[in-house]
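Notes to accompany the following structure.
The numbers here are math on the coordinates, done by the rules we state, and not lab data. This one's a predicted model, so the numbers in the text were calculated from it and none came from an experiment. All Cβ positions, glycine included, derive from the backbone under ideal geometry; neighbour counts span all protein chains shown.
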Amino acid sequence: MHQVLSSTPEGIFTINVGPQHPATHGVLHLVITLNGETILKIEPHLGYIHRSIEKMCESLTYRQFIYVTSRMDYLSAHINNHACALCVEKGLQVEVPMRAQYIRVIMDELTRLASHELWWGAMAMDVGAFTPFFYAFRERETINEIMEETCGARLTMNYMVPGGVMADIHPQFQQKVKQFIAGYKNKIAEYNELVTGNVIFQNRMKGVGYLSTEDAISYGCSGPVARASGVACDVRKRYPYDVYAQVQFDEIIETTGDSFARYLVRIREMEQSVRIIEQLIDNIPEGDYQAKTKAVLKLPKGEFYQRVETARGELGVYIVSEGGTTPYRIKFRSPGFSNLSALNEMAKGGKIGDLVATMGTLDLVIPDIDR
Amino acid sequence: MDNEALKASLLPLNANLTFEEGGEWVNVFVPYNELKPLLKTLQGEPDLYFNYLFCLTCVDWKTHLTMVYHLTSLKWQHNLVVKAVLNRENPQIETVCDIWKTAEFLEREVYELFGVEFLHHPDLRRLILTDDFKGWPLRKDFEDPVNMIKL
């Protein structure tokens, strides 16, 4: 599984993958040192879409900066907003109404489903199966429609505000989500039949891109990447926020640490997301959807840290406040950044052809890494 | 371990620790030249076992820079924030990437955005910005006439 071949200096050469390459799903540049087909070293070069969101946020107010964060991990836009809203609420010590908490968590899980859908389709396409892409986008489209109806946007939802959500849910929201969930359960079985059980696919994924438990912890990996290596790190379980403490779901952990394990973790996480939505959708309590907050928010002097579980892993928002209306310093601990740093460890000693399978299961979103 | 117990077990490790009150987790300041041995102990000690560095960053306070290390223990589920004050003119600190490998990338990011030099780092180059970029963009006195957004 993990071997570095001895090499002659003449056979070693360097190639560039990216910045424009279909398998990187964005502008990521990898400089790969090869000996024949065997990878000796991978050096990621980042920053092609670096916008310095952290600096930008220093001049935005606590109501404004939330919307910039939708542009980090655009597939988990809603969960990014959630992290920021929770962090500001922690500083203000605002109690969020139950109705808002329920809506937030349902939306989070719908976002996670949509994100995993896109990953599943794109990853199957990376390893040579084109059809799953269309299947995945069919379901993702339904989720996007539900989002559009309630939030007014399909990708950058910007639905969260400090203290709750921006508007109440659409009257048809519950019915549409239930309809979607009812049909969706069969879809996961279909995915398993179509891709998971496929022998060609399994041969392509098993034993590829191995990451040990020790390395996963040392590289600060989180989310499905770490859980596939046997690290129990689900923030929803370890540090529950909003109503996650009240819902029943399993933390999915695999121990083999290869690409197939990461694949299985995400597929089974989709089932858990469905389970969470099912528990909440019928029980959304009546009441306010937003706590009363002042028009201009001022956080007390101090430091606030909030982490949430996005579709990619642990997102941390670190706000340093001087007591003003804008943050003094803000830092986003992005899950993709740490997961990418482990890529060299995973791919070293493997074949260059397997790199696509490894990268596909890392589920990288480049704006999340560059920020 | 709760915050009080954590504080008590930190005190014997280094005589020069100062604690910052308030905040959700224990905040501890350590002189920058004693940071590395302290973090090494925090990671190695079985009762503390801070095996996961989940955030490494820097804050520019105009008069000085503060390095901030967020640590957690996946085994014991406790968190700790370690800070070290650096001067602004020539900030230098020992790398921690031999303790947690994730620090290699995070320190490269802090190096290019704040200009902190990490001693004994294996590959201290710019990660996000172009190689010929001038200035340290996340410092408070950084001016960019073209790309800055100011309200």
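Helix A:259-281 versus the longest principal axis of chain A: what angle, 0 to 90°, nearest 10, using Cα atoms?
Its long axis makes an angle of about 20 degrees.
At a threshold of 8 angstrom on Cα-Cα distance, excluding pairs fewer than six apart, so keeping six or more, what relative contact order does segment B:3-89 reach in percent?
With pairs under 8 Å counted, the relative contact order is 26 percent.
Excluding same-chain residues fewer than 8 positions from B:LYS62, which lysines have a Cα within less than 28 Å of its Cα?
Result set, ordered by chain and number: A:LYS55, A:LYS90, A:LYS298, A:LYS301, A:LYS331, B:LYS36, B:LYS83, B:LYS134, B:LYS140, B:LYS150.
What is the helix-to-structure angle for B:35-44, meaning the angle in degrees between its Cα long axis and the longest Cα principal axis of chain B, kept from 0 to 90 and rounded to the nearest 10?
50
Could you work out how far the C-alpha centroid of segment A:168-183 sits from that of segment A:123-148, in angstrom?
20
Taking the Cβ-Cβ separation of A:LYS178 and A:TYR48 as r and a Förster radius of 51 Å, what is the calculated FRET efficiency to the nearest 0.05?
The formula returns an efficiency of 0.75 here.
What FRET efficiency comes out for A:ARG275 versus B:TRP76 if R0 is 22 angstrom and r is the Cβ-Cβ distance? Round to the nearest 0.05.
That pair, A:ARG275 with B:TRP76, gives E of 0.15.
Take peptides A:191-197, A:53-59 and line them up by average Cβ neighbours within 10 Å, highest first, as a rough protection proxy.
A:53-59, A:191-197
Obtain the nm distance between the two label points defined at B:GLU21 and A:ARG63 by a simple spin-label model: each point lies 7 Å from its Cα along the Cα-to-C-beta direction.
3.4
Quick check: net charge around A:MET160, other residues with Cβ under 13 Å of its Cβ, Lys/Arg +1 and Asp/Glu -1? Intermediate values should be presented prior to the final figure.
Numbers: positive: A:ARG63, A:ARG104; negative: A:GLU89, A:ASP108, A:ASP242.
Charge balance in the 13 Å sphere: -1.
Which of A:PHE180, B:PHE105 comes first, and how do the rest follow, when ranked by fewest Cβ neighbours within 10 Å?
Sorted ascending by nearby Cβ count, the order is A:PHE180, B:PHE105.
Estimate the FRET efficiency between A:LYS185 and A:LYS298 by the formula 1/(1 + (r/R0)^6), using the beta-carbon distance for r and 45 Å for R0, to the nearest 0.05.
Taking R0 as 45 Å, the efficiency between A:LYS185 and A:LYS298 is 0.45.
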